[in-house]
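Please read the structure below before turning to the comments.
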C-alpha cells in the first residue's frame, strides 16, 4: 500500500461523534461563508459555545466520565439544530437581499 502497509484502526468514538461534529460544523459554516464572509456577533458567540461544548466533550471522553453518553447525545442533537437555524437565517438573508435588489 502507498499510505499505510496495513489497515488503520479507527476508534468507534471517531465514527460516532467526531465525524458527525465535523460535518455539522462544516454545514453550519456554509451560510456564514455565503453571506459575504461576515460573522455577526451572535454567530461568533454560537460558534464559540459549540467549540467549548465540543472541547468539554473531548475532556470528558479522555477522562472516561460517567455522563459521557448523555453529553455526547445532547451534543449530536444540538449540532444539526444549529446548522438548520443558520441555514434558515442565511436563506432569509438571501431572500431579503433579492427583494431589496428588485425594488
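The values are calculated or read from the model by the stated rules, or taken from the named source; none is laboratory data. This is a predicted model, so every value here is computed, not measured. Every residue, glycine as well, gets a Cβ built from its backbone with ideal geometry; the counts of neighbours run over all protein chains shown.
Laid out as a table, the results:
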{"item": "Evaluation of residue 27 against (1) in contact (Cβ under 8 Å) with a residue 60 or more places away in the chain; (2) closer than 13 Å to residue 76 by Cα (one fails), failing number", "result": "(2)"}
{"item": "Candidates 84, 19 - the one that is surrounded by 11 or more Cβ atoms within 10 Å (Cβ to Cβ), under 26 Å from residue 95 (Cα atoms) and under 14 Å from the mean Cα position of the chain (by Cα)", "result": "84"}
{"item": "Residues within the range 35-64 that are more than 15 Å from residue 84 (Cα to Cα) and surrounded by 13 or more Cβ atoms within 10 Å (Cβ to Cβ), tallied", "result": "9"}
{"item": "From 84, 76, 46, 58, residue being modelled with pLDDT under 75 and under 29 Å from residue 13 (Cβ atoms)", "result": "76"}
{"item": "Any hit, the range 60-71, residues being within 27 Å of residue 88 (Cβ to Cβ) and in a helix (DSSP H, G or I)", "result": "yes"}
